[in-house]
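*Asks:* Provided herewith is a single structure, encoded as C-alpha cells, for subsequent inquiry.
The values are calculated or read from the model by the stated rules, or taken from the named source; none is laboratory data. A quick note: this is a predicted structure, and the numbers were derived from the prediction, not measured. FYI the Cβ positions are ideal-geometry reconstructions off the backbone, even for glycines, and counts take in every protein chain you see. Just so you know, the surface numbers come from the protein's heavy atoms only, side chains and all, with ligands and any DNA or RNA stripped out. Shrake-Rupley method; radii C 1.70, N 1.55, O 1.52, S 1.80 Å.
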Amino acid sequence: MDFLRPASWEEALAAKAEHPTAVPIAGGTDLMVEINFDHRRPDRLLDLGRITELHEWEAGEDTVLLGASVPYTKIMENLRTELPGLALASHTVASPQIRNRGGVGGNLGTASPAGDAHPALLAAGAEVEAESVRGSRLIPIDAFYTGVKRNALEPDELIKRVHIKKATGPQQFSKVGTRNAMVIAVCAFGLGLHPDTRTVRTGIGSAAPTPVRARAAEEFLAAALADGGLWDSGAAIPAEVVRQFGELAAGACNPIDDVRGSAAYRRHAVTVMARRTLGWTWDDYRGARRAEQGGASCA
C-alpha cells in the first residue's frame, strides 16, 4: 500500500488527479477500522492531515464555511449557536477520542447511511464544496448521496469544506443506539425550523439505503404551521398534527433488518423520534418568541 502525504491543498489535488483511486484519509476513524479488519485494502492512501485549511472554519454573516477536517469537538465548542443541529449530532459521535479526530468530511466521503452528521446537514440544507485540478463546485446535500456508501464526487475530486447556513430557528437531533459510547445509529432524525422562509427540513439516518429527507412530513408541517397561524402566534401544535408528522416521517424510510435492529423497529423509532424532536424544537421556538415579545413590550 502506497502512502501519499501532500503538504498543501494544491499538492493534494495534484496527487488525486494523478491517482484517482487513492483513498483520502484525515481523521481515519472509519477507514482505519475497515483496514484493520481487512474489509478494505486500497492501493494508495492520500493523507490530508497536513492540509491546514481543512481544519479551519469561517462564520460569515449568513453562512458557516466548515473545513472538511474540523473535528466534532471543535463544532461542539465553537459553533453551537450557528449550527445547533450539527453540534447536537456531534455530541453523539462515538467517544471523546473519536470526536477529537473525526470530522464532517469523513462522514460525507464514507457516505454511510448511519453517519451521524448526515441528518443534521440535510435538515440545515448544506452544500458540499468539492474541488479538483479542474476547478471547484458546490453540490447540494440533497444530491450528494447517490447510493449505499456512494456519493456524487468525481474520482479526481476531494471535499474541501461544507457551506452551512446559520440557523435562523431551532434545530434538534435524536439518535437511537444500543449504548451511549462507540455506537452506530440504529436510526437517527434531524429537524430544523427555518422561520425566515417558513419552511421545515428533516434528515433521517440509518433507515434507508442513503440518508434521506421526509419531504411529505416537511410540507405537511410547514402548511399546518402556516394555516394555523402558529409561526406568528407561537401557540401549541395540535396533537393530531404531531402524530401525523411522525407517521409521514416514518413513511419516508426504506429500512432493512440487520444486526442492529429490524425494519419494523426502525420505522417505529423514526415515528417516535420525529414526534419528540418536533416537541423539543417547537418548545425552543415558542420560548424564543416569548423572549422577543417580552423584549419588545419593554422597549
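*Asks:* FRET efficiency for GLU11 and ASP258, Cβ-Cβ distance as r, R0 = 41 Å, nearest 0.05?
*Replies:* Using R0 = 41 Å, I get an efficiency of 0.55.
*Asks:* Under a point spin-label approximation (7 Å from Cα along Cα-to-Cβ), what is the ARG80-TYR265 distance to one decimal in nm?
*Replies:* 3.2
*Asks:* Place +1 on the Cβ of every Lys and Arg and -1 on the Cβ of every Asp and Glu in region 140-230, take the dipole about the Cα centre, and give the residue among GLY228, ALA207, ALA217 whose Cα lies farthest towards its positive end.
*Replies:* Checked the options; the winner is ALA207.
*Asks:* Between (1) 49, 40, 39; (2) 62, 49, 33; (3) 52, 45, 38, which matches Cα extents along the principal axes in Å calculated for the structure shown?
*Replies:* (2)
*Asks:* Let me ask another. If you stretched the chain out fully between SER136 and ALA152, how much longer would it get, using 0.36 nm times the residue separation minus the C-alpha to C-alpha distance?
*Replies:* On the way: separation 16, 0.36 × 16 = 5.76 nm, distance 1.34 nm.
Fully extending the segment from SER136 to ALA152 adds 4.4 nm.
*Asks:* Please compute the per residue accessible area over region 11-73 with all protein chains in place, 1.4 Å probe, rounded to a whole number of Å².
*Replies:* I get 51 Å² per residue for this part.
*Asks:* Shifting gears a bit: Give the carbon-plus-sulfur fraction of the accessible surface of region 82-207 in %, rounded to a whole number; probe 1.4 Å, heavy atoms of protein chains only.
*Replies:* Its accessible area is 50 percent carbon and sulfur atoms.
*Asks:* Here's a follow-up. Where only protein heavy atoms count, and the probe is 1.4 Å, what is the accessible area per residue for region 240-290 in Å²? Intermediate values should be presented prior to the final figure.
*Replies:* Details: 2640 Å² over 51 residues.
That works out to 52 Å² for each residue.
*Asks:* Explain nothing, just the number: dipole magnitude of region 147-260 about its Cα centre with +1 on each Lys and Arg Cβ and -1 on each Asp and Glu Cβ, in debye rounded to the nearest 20.
*Replies:* Working: 14 positive and 12 negative charges, 94 e Å.
In total the dipole reaches around 460 debye.
*Asks:* Starting from region 36-77, pick out the GluC sites (Glu not before Pro) whose DSSP state is loop and whose Cβ has at most 10 other Cβ atoms within 10 Å.
*Replies:* Working: sites: GLU53, GLU56, GLU58, GLU61, GLU77; in loops: GLU56, GLU61.
Passing both the DSSP loop test and the Cβ count: GLU61.
*Asks:* Quick check: residue separation of VAL33 and ASP196 times 0.36 nm, minus the Cα distance between them. What number comes out in nm? Don't skip to the end; give the middle numbers.
*Replies:* Values: separation 163, 0.36 × 163 = 58.68 nm, distance 4.20 nm.
Stretched out fully, the VAL33 to ASP196 stretch lengthens by 54.5 nm.
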